[in-house]
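The structure appears below as structure tokens.
The values are calculated or read from the model by the stated rules, or taken from the named source; none is laboratory data. For clarity, every value in this text was computed on a predicted model and none was experimentally measured. Glycine also receives a Cβ, built like all others from the backbone with ideal geometry; neighbour counts cover every protein chain displayed.
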Amino acid sequence: MTEAGETTVPFIGAPNLDTPDTPLFALRSEWLRGDNSPDADVDVRMHPLTLRFDDKDLESEFEEEYFHRTLIPVRWAVIVGLCLYSVYGIVDFWLAPEQRPQIWLIRYAIVAPACLLCLGFTFTRHFRKYKDLAVSLMILIALLGVIAITSIIPQPMGSLYDVGLFMVIVYAFTLVRLPVPYAFGISALTLAIYPLAAFTVHQTSTAVVGSNISFLIGMIVLGFSSNYSMGRYSRSNFLQRRLISLRTDELERKNSELVMKNQMLAESRAANIRTAKRTEQIFSALAEALPGHILDEKYRIGEKIGSGGFGTVYRGEHIFLHHPVAIKVFRPAVGQEGADSLDRFRLEGISACRVNHPNAVTVLDFDVSGGSLAYLVMALLEGHSLAQQLRTEGPLSTTRAAEIGLAVCDALAQAHSAGIVHRDIKPSNVFLHGTNGDAVVKVIDFGIAKLTDESQVPGAEGMTLSGMFLGTPAYMAPERVFNLPYDGRSDVYAVGVMLFEMVAGRLPFEQTVGGHLSLMRMHAVEEPPALTKFVPDAHPKLESAVITAMRKEPEQRPTAAQLGATLRELLQELRAPGRTRRASDLQRD
Ligand SMILES: Nc1ncnc2c1ncn2[C@@H]1O[C@H](COP(=O)(O)OP(=O)(O)OP(=O)(O)O)[C@@H](O)[C@H]1O
Ligand SMILES: [Mg+2]
């Protein structure tokens, strides 16, 4: 039973048998659960006899709905009753020709007009309130009509008309959809009036009266059963429809909420893109204007060397020490303009980028100028990046590739042991420092990908526009494609890709029409092609170094130090005196 004031949540279901509120509810048992029984786990219960819901509001909602849904069937039922009563007038010609005028008076002057009146009443607004009374009254008149007809016709013919009583009972219980109490009332009156009339007026034999009464009782039982199952069916059907409509409303509400959220998301994305574009324009203008300016009274900014995804690199000079430096001025990332994020930037900057190793560029300083312009000062390198070298001169010899790979691994091993992951190993971040043949390999941009934006994925040769674009993920380890936690092994994967590229002159996975996503998918699931496919006489040690470094599972890859050791062995073998040289060894040696 629902507490007063508590919102009723209608659920489909059979009565809850555990919490009886009235003695009748205590009578509930399994027999109540039939084909039409609602499901279990419910909050709404029906009275086991009257089938009324235990929730008053729900009951009146059902009655209202049921009345409107059954109004037309009830009208048809009244018409059917009228027709039956009228059509059976034909049998009066044979069964009671002498009493026909009186019988017809009853049929056509009393009962039929009562039916018509009731039919007319169904079209008035009062019918909603007095439906059961009006219909019961009509049936009562029909019942008394039958009794009167049987009283007029002498026995034994009169008994034939007793059949009318059975029809009245079935009619009351079924077609006109009377509630159980009304149908029972009519049946009780029939059971009371019939024997009275039979004994006092018709002089019917006791045996016939007894048999008719037992048939009448049988009719009442049948009528009640069909009335009861119809009632249960209508009510459970009502609950189901109500539940479906509630769920539909809920779904529609959620759907419109989702649409709204999507709209807001699209708007905020558009706003972000606008901001990013504006920031980019401002930064480009600033980048052009910066040369000649002095940063934090320490560094004079000189000519621009180049721009990448995270900012612009300039030549510069330390004003007091007069030594040359390279200054990387970071492009402000959308969403990172806040004081907190700049503080984090300042705090993490130097530690994330500084690796003390001869093969890593020396980072000298890191700061945020004027409260918003982050910059990194490093040793100025002369020469060009590995990317430029590959672009202009094509694939390298196995020896040179191994030398570069080894230097990168050495720097990485040192960084990894200090807890610094590069995150963006690619040829443009490997600098060949020195103008003559003995160029020293310097890894640049340690940890910068982490500093600028956790969410962006720095890519390969292509653009890595901060906060907006993903660069070509040509060096991306599978765990990064899947956005899983990663460590130094994803740098090792990138070294594997780079080794392949250095000797083969192409990437193991190249971008196809599928764009970035297809490239990422290849890194995630496809086996890389054999190096020998592009370099037929590739050294087996180099090939195995590439294969192991590019394993999908990070745990199965060597560490940077292990990969470095393999490359060192390879170099020793390649440099061993008297060794027969392969064609690939000679390439650009
Ligand atoms: N310390 C340095 N000395 C001299 N040149 C440098 C130094 N650091 C970077 N450069 C050069 O500056 C240019 C811009 O470098 P930057 O790192 O911004 O771009 P990138 O590596 O192409 O892209 P990304 O932003 O994805 O790393 C490159 O040509 C790079 O070789
Ligand atoms: Mg770079």
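The table below gives the values:
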{"item": "When residues of the stretch 358-372 are limited to those that are free of Cβ contacts under 8 Å to residues at least 60 places away in the same chain and out of contact with any Cys (no Cβ under 9 Å at 6 or more places or on another chain), the one farthest from ligand 1 (Cβ to nearest atom)", "result": "G371"}
{"item": "Tally, over the stretch 383-418, of residues that are among the charged types (D, E, K, R) and within 16 Å of ligand 2 (Cβ to nearest atom)", "result": "1"}
{"item": "Candidates A183, A287, A276, A192, filtered to the one that is surrounded by fewer than 11 Cβ atoms within 10 Å (Cβ to Cβ) and either touching a Ser or Thr at 6+ places or on another chain (Cβ under 9 Å) or not in a loop (DSSP other than H, G, I, E, B) (or both)", "result": "A192"}
{"item": "Lone unmet requirement of (1) outside any strand (DSSP E or B); (2) crowded, with 20+ Cβ neighbours inside 10 Å for R391", "result": "(2)"}
{"item": "Subset of the stretch 520-541 (residues that are under 12 Å from V503 (Cβ atoms) and assigned to a loop (DSSP other than H, G, I, E, B))", "result": "F534, V535, P536, D537, A538, H539"}
{"item": "Restricting the stretch 307-324 to residues that are modelled with pLDDT of 90 or more and within 16 Å of ligand 2 (Cβ to nearest atom), the residue that is surrounded by the most Cβ atoms within 10 Å (Cβ to Cβ)", "result": "Y314"}
{"item": "V368 touching a Leu at 6+ places or on another chain (Cβ under 7 Å), surrounded by fewer than 19 Cβ atoms within 10 Å (Cβ to Cβ) and of a type in the set (A, V, I, L, M, F, W, C)", "result": "yes"}
{"item": "Residues of the stretch 77-103 satisfying the condition of being surrounded by fewer than 14 Cβ atoms within 10 Å (Cβ to Cβ) and in a helix (DSSP H, G or I)", "result": "I79, C83, V87, I90, V91, F93, W94, P101"}
{"item": "Residues of the stretch 457-494 classified as in a loop (DSSP other than H, G, I, E, B), at pLDDT 90 or above and either away from ligand 1 (no atom under 16 Å from the Cβ) or over 31 Å from the mean Cα position of the chain (by Cα) (or both), total", "result": "4"}
{"item": "Any hit, the stretch 542-551, residues being modelled with pLDDT of 95 or more and in a loop (DSSP other than H, G, I, E, B)", "result": "yes"}
{"item": "Hits in the stretch 120-160 - residues which are part of a helix (DSSP H, G or I), among the basic types (K, R) and more than 18 Å from G81 (Cα to Cα)", "result": "R128, K129"}
{"item": "Matching option when the condition is in contact with a Phe, Trp or Tyr (Cβ under 9 Å, 6 or more places away or on another chain), in a loop (DSSP other than H, G, I, E, B) and of a type outside the set (K, R), among L175, L165", "result": "L175"}
{"item": "Verdict on D55 being modelled with pLDDT under 90 and either closer than 19 Å to T122 by Cα or surrounded by 13 or more Cβ atoms within 10 Å (Cβ to Cβ) (or both)", "result": "yes"}
